[in-house]
Amino acid sequence: MTQRLTVNEQVHEVELAPSTPLLWALRDTLGLTGTKYGCGVMACGACTVLVDGVATRSCGTPLSGIASDKKITTIEGLTAAPLHPVQSAWAALNVAQCGYCQSGMIMAAVALLKEIPNPTDADIAARITNLCRCGTYQLVRAAIRQAAKAGTHG
């Protein structure tokens, strides 16, 4: 099946089974390897991308669940220069340790701040459910608060 995907503002046509997870279309077919495979069951969030601005775990989202008019944003789609305010906060606070889960964390934080520009700790706890083996949760919360203060995360 041919499916049209709009990823990082570029239109792609992919030939994959409708049941193929979005993650594999992004990584294997389009070569966007910033999105990571973690658990494969939508639990850890390493595979988080934005679909029309909504944090979406791509490992469990089949291509058949992505309408052709949806806009997908991966970590590569955030601005590289200058960095997105969330990426700047991550770098300023040295959030990443091993870094494996961080692209998913950043994408979840971008979605959170788009929806709630000044989140409380409870908002962050409720919305950022990504898992990090390194335990960077306090730094993640601090970076989200710092990015919220920067205020230009639309």
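The values are calculated or read from the model by the stated rules, or taken from the named source; none is laboratory data. Note that this is a predicted model, so its numbers are computed, not measured. Please note: Cβ atoms are built from the backbone with ideal geometry, for glycine as well, and neighbour counts cover all protein chains shown. Note: accessible area is taken over every heavy atom of the protein model, side chains too, but ligands, DNA and RNA are not part of it. Shrake-Rupley method; radii C 1.70, N 1.55, O 1.52, S 1.80 Å.
Below is a table of values for the structure above.
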quantity	calculated
Strands (runs of 3 or more DSSP E) contained entirely in the stretch 1-84, each with at least 3 residues that are farther than 20 Å from L112 by Cα	2-7, 10-15
Members of the stretch 14-38 found to be among the small types (G, A, S), surrounded by 19 or more Cβ atoms within 10 Å (Cβ to Cβ) and closer than 16 Å to L50 by Cα, listed by number	A25
Residues of the stretch 111-132 satisfying the condition of being among the aliphatic types (A, V, I, L, M) and over 18 Å from M42 (Cα atoms)	L113, I116, A122, I124
The stretch 134-154, subset in contact with a helix residue (DSSP H, G or I) (Cβ under 7 Å, 6 or more places away or on another chain) and outside any helix (DSSP H, G or I), residue least open to solvent (accessible area, probe 1.4 Å)	H153
Odd one out for L131 among (1) outside any helix (DSSP H, G or I); (2) touching a helix residue (DSSP H, G or I) at 6+ places or on another chain (Cβ under 8 Å); (3) in contact (Cβ under 8 Å) with a residue 12 or more places away in the chain; (4) of a type in the set (A, V, I, L, M)	(2)
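Rundown of residues vs (1) farther than 21 Å from V49 by Cβ; (2) at pLDDT 95 or above, yes/no style:
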residue	(1), (2)
V95	no, yes
C101	no, yes
G104	no, yes
M107	no, yes
L113	no, yes
P119	no, yes
A122	yes, yes
A126	no, yes
R133	no, no
